[in-house]
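Here the structure comes first, spelled out in structure tokens, and everything after it is commentary.
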Amino acid sequence: MFPQSSGSALGTAGFAVYALILIYTWMIIIRVFLTWFSANENAPFVRFLRKFTDPALNFTKRHIPLTLGGIDFSPVILIALLYFLMNLVLMGSRTIGAGASPWILLPLICLCLLRLVISLVFFLMLLLILRVILSLVAPSPYNFLVLIVYGATEPLLAPLRGLLPRGPHGLDLRALLLLAFLFLFHAFVLQNLIGLVFKWAMEYGARPL
């Protein structure tokens, strides 16, 4: 669902830009999923997606490469950048359109960055939960989902190799330890930072976002 737009002209324009970025983000996500399922590249819908998404995907892959376990994760970077921009445009246009000082962009940038970090932390926590489950069922290492989960999490878990033994039934204790750390980091660090940034934003006349 789209959030309600502000009644001001700036808020309305910001909402329109937000909606366009949101639609484009979903086009990127769909394009990436289609590559996983070896979709017919000559199908009209796939050609349409390629025309509008491949330039951004190729630019990100070329200039901000991220390959983990042989899997290209550069689309995650592009989606994260779009998510940040989308939130900044929406919140900035609504608060400035409502009469807040333009200097509110400084705390809003910090707030959008924190929200992005929180989203990435939740995404990583989900991957770690999947990794814990996979460690108990011994799946095929050639399964594409398994390659994604292990490719994304192994660089973070590699420093813990040798520090913790395998748990019962092959339980990956390293993943559990990192999962617990991320949970505490979110609860006691990120949430407190969000509160501080909110107070900072209120100094510039922002309404609760």
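Read-outs: derived from the displayed coordinates by stated rules, not from any lab. Source: prediction; values computed, not measured. When we count neighbours, we look across all protein chains shown, and the Cβ atoms used for this are built from the backbone with ideal geometry, even at glycine.
Before moving on, here are some points about what is shown:
- Student exercise, the stretch 22-165 dipole from Lys, Arg, Asp, Glu Cβ charges, in Debye to nearest 20: 180
- Folded to 0 to 90 degrees: helix 74-97 orientation relative to the chain principal axis, Cα: 20
- Listed candidates (i) 33; (ii) 25; (iii) 20 - label of the one calculated as percent of Cα pairs over 32 Å apart: (i)
- Measure of compaction for the stretch 131-171 (Cα Rg per 2.2 N^0.38 Å): 1.18
- Rounded tilt (10° steps) of 191-202 against the dominant C-alpha axis of the chain: 10
- Taking Thr95, Thr60 and counting other C-beta atoms within 10 Å, the order from fewest to most: Thr60, Thr95
- Taking the fewest neighbouring Cβ atoms within 10 Å as the starting point, the ordered list for Tyr83, Tyr24, Tyr18 is Tyr24, Tyr83, Tyr18.
- Cβ crowding within 10 Å averaged over residues, with 138-147, 71-80, 44-53, 105-114 ranked highest first: 105-114, 71-80, 44-53, 138-147
- Given charges at beta-carbon only (K, R positive; D, E negative), |dipole| of the stretch 1-99 in Debye: 120
- Rounded to 10°, Cα long-axis angle of helix 9-36 versus longest principal axis of the chain: 20
- Percent of C-alpha pairs per 10 Å bin, the stretch 1-99, short to long: 15, 38, 28, 16, 4, 0
- Separation between Cα centres of the stretch 28-80 and the stretch 161-182, rounded to whole Å: 32
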